[in-house]
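The values are calculated or read from the model by the stated rules, or taken from the named source; none is laboratory data. No experiment lies behind these values; they were computed from the predicted model shown. Please note: Cβ atoms are built from the backbone with ideal geometry, for glycine as well, and neighbour counts cover all protein chains shown.
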Amino acid sequence: MSDMVEGRIIEVTEQGRPEVMQVRSFNFPDPEEGEVLIDQKALGMNFLDVYHRSGVYPLSMPTGIGTEAAGIIAKVGAGVTEFKEGDRVAYGGGAPGGYADYRNVLATRIVPIPNNVTDEQAATSLMKGMTVEYLLERVYSVQPGQMILFYAAAGGVGLIAGQWGKSLGAHMIGVAGGPEKCQLALANGYEICLDRHADEDVSAKVAELTNGIGLPVVYDSIGKDTYTTTLDCLGPRGFFVSFGATSGPVPAVQATELQKRNSLYFTRPTLVTYTADRADLLMSSNKVFAKLGSGEIKTEVGQTYKLEDVVKAHQDFEAGKTRGSTLIMP
């Protein structure tokens, strides 16, 4: 007979405001074939969690929330040979359900944590770091000396992007909300940070910086509110990389608009696609951990919440009260 492990999960029975998340006790079963049971030590929080909870991405009910965590393998299911009990591992992406004390996860979707990376670092940087890796190195291969623009520069992804881009030799321009967030961005790889709260004209500043030529690539996670500005910032054959929509969905993209603006490219990539193969997952995670270990990127944990305070965490997150990465501790 299996010995179930007692713990807590965050469950949502209807999508909506942060208050729909409930803490409840749960008996975690033994891992099935190909799975491992992880004793979770640190949980990462991402805007994807808000999409899942609020209904931007419809989900079958009831559901868990959370897609990023680090911990120790407590049990190993049949057929798993790559990992053993006691191994430190992390995961980022996949089906929601990470806000929990324990979790059964497919062994093919977890990665080992090196000794020089802490659980907190792994939980707050793996998913965000892999996002930055595929955006800056595979969706568009950023080259030394290029000037690129990245929105939400003081967020968890944005801060890693600033440091990663700098390590590639790029000149990073950030956009953030308020002087404090701009200062944080400037301390994390950005050469320039434009304050959207001060109504700085982003496209005019880009035109000034590039002598009217425009940028080779813009990474836009804002969506509806920045769509036209992003188009205005791009130079000939520039890449519009839309990887989020915190202000609402991007308007329908017209092919003729891309044509008349000097042959622009538009793409809406996802981490799911870029880490679907285990080889890609390991490559991407290894790059993130290598940059963490070398100090090329550092994580900025702006705030930490207990698992039972997850409603407050989401309220602060959506109100723009957070900065850097948010950590949830089981």
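Output the residues belonging to segment 49-87 that are touching a helix residue (DSSP H, G or I) at 6+ places or on another chain (Cβ under 8 Å) and under 21 Å from K306 (Cα atoms).
Result: D49, V50, R53, T63, I65, G66, T67, E68, A69, A70, G71.
Can you give me the ranges of the helices (runs of 4 or more DSSP H) entirely in segment 203-288 with at least 3 residues that are under 15 Å from the mean Cα position of the chain (by Cα)?
Numbers: elements: 227-233, 255-260, 271-274.
Result: 271-274.
Pairs please, first residue from segment 266-286 and under 14 Å from T131 (Cβ atoms), second anywhere and polar (S, T, N, Q) and surrounded by fewer than 16 Cβ atoms within 10 Å (Cβ to Cβ), Cβ atoms under 9 Å, 6+ apart in sequence or on different chains.
Once the first residue is under 14 Å from T131 (Cβ atoms) and sits in segment 266-286, its partners that are polar (S, T, N, Q) and surrounded by fewer than 16 Cβ atoms within 10 Å (Cβ to Cβ) give L281/T108.
Which condition does L48 not pass, out of (1) crowded, with 19+ Cβ neighbours inside 10 Å; (2) at pLDDT 95 or above, if it passes all the others?
(2)
Looking only at segment 51-85, which residues are surrounded by fewer than 16 Cβ atoms within 10 Å (Cβ to Cβ) and among the acidic types (D, E)?
Selection gives E82, E85.
Does segment 36-48 contain at least one residue that is aromatic (F, W, Y), in the same structural domain as T299 (by TED's automatic domain parsing) and either in contact (Cβ under 8 Å) with a residue 24 or more places away in the chain or closer than 21 Å to A123 by Cα (or both)? Lay out the reasoning, then the answer.
If we filter segment 36-48 for residues that are aromatic (F, W, Y), which is where we start, we get 47.
Next cut, in the same structural domain as T299 (by TED's automatic domain parsing) only: 47.
Those left that are additionally either in contact (Cβ under 8 Å) with a residue 24 or more places away in the chain or closer than 21 Å to A123 by Cα (or both): 47.
Yes, because at least one residue in segment 36-48 is aromatic (F, W, Y), in the same structural domain as T299 (by TED's automatic domain parsing) and either in contact (Cβ under 8 Å) with a residue 24 or more places away in the chain or closer than 21 Å to A123 by Cα (or both).
Of the residues in segment 289-328, how many are not β-branched (V, I, T) and not in a helix (DSSP H, G or I)?
Kept after step one, since they are not β-branched (V, I, T), are these residues of segment 289-328: 289-296, 298, 300, 302-303, 305-309, 312-321, 323-325, 327.
Okay, now just the ones that are also not in a helix (DSSP H, G or I), so 295-296, 298, 300, 302-303, 305-306, 319-321, 323-325, 327.
Selection size over segment 289-328: 15.
Read through the list (1) surrounded by fewer than 20 Cβ atoms within 10 Å (Cβ to Cβ); (2) touching a Leu at 6+ places or on another chain (Cβ under 8 Å); (3) more than 24 Å from R88 (Cβ to Cβ), then give the number of the only condition that L234 fails.
(1)
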